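In what follows, a single structure is set out as structure tokens and then discussed.
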Amino acid sequence: GELRTERDGSFVSQSRASGYEALWIEAEGFASRWVPPVPLGADGAVAPLEIRLDEESVLHGYVSDALGEALPRVQLRIHGIACCFRGTARTDERGYYRLGGLASGTYQVAVLDERGATRTARLAELG
């Protein structure tokens, strides 16, 4: 489920069972990230955690055909080289795209065809 933090950054897990729970953290202006599984107490309580987020990097660019003409409404898939799938973006009517919430690192940007297969891919370095 989704959790929201209080003004002081604290939160309470909605889980009522003991065990472990991984967290996906998103905050405007910061890079999203996974927090490895943390132990939950019998009542779902989480021991105090300190989680630091890095400022976000934004991947943006332009997609064109071999003649340099813009490719509007093209689907892109972005993978972090050191990590995992990070998201999708779609070009606007002028061929530009933007995806924020990324950490510094190297990403593969793949342009997809109508069936979702990769047409071409390039590496981009952020940070």
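The values are calculated or read from the model by the stated rules, or taken from the named source; none is laboratory data. Small disclaimer: the values here were computed from a predicted structure and weren't measured. Heads up, the Cβs are rebuilt from the backbone with ideal geometry, glycines too, and the neighbour counts pull from every protein chain shown. For accessibility, only protein heavy atoms count, side chains too; no ligands or nucleic acids. Shrake-Rupley method; radii C 1.70, N 1.55, O 1.52, S 1.80 Å.
Over the chain, what percent of the accessible surface lies on carbon and sulfur atoms, probe 1.4 Å? Taking all protein chains in place, the chain shows 49 percent carbon and sulfur surface. Calculated on the Cα set of segment 88-127, radius of gyration then Dmax: 11.3, 32 Å. The listed peptides 99-111, 28-40, ordered by packing as a protection proxy, come out as 99-111, 28-40 (highest mean of other Cβ atoms within 10 Å first). Relative contact order of segment 18-127, taken over Cα pairs closer than 8 Å and 6 or more residues apart, is 23 percent. Accessible surface of Glu6, taken over heavy atoms with a 1.4 Å probe and every protein chain present, rounds to 120 Å².
If you add up the charges near Trp24, with Lys and Arg at +1 and Asp and Glu at -1, over every other residue whose beta carbon is less than 11 angstrom from its beta carbon, what do you get? That sum, taken over residues with Cβ under 11 Å, equals -2. Other residues within the sphere of radius under 13 Å centred on the Cβ of Leu53, judged by their own Cβ, net out at -4 (K and R +1, D and E -1).
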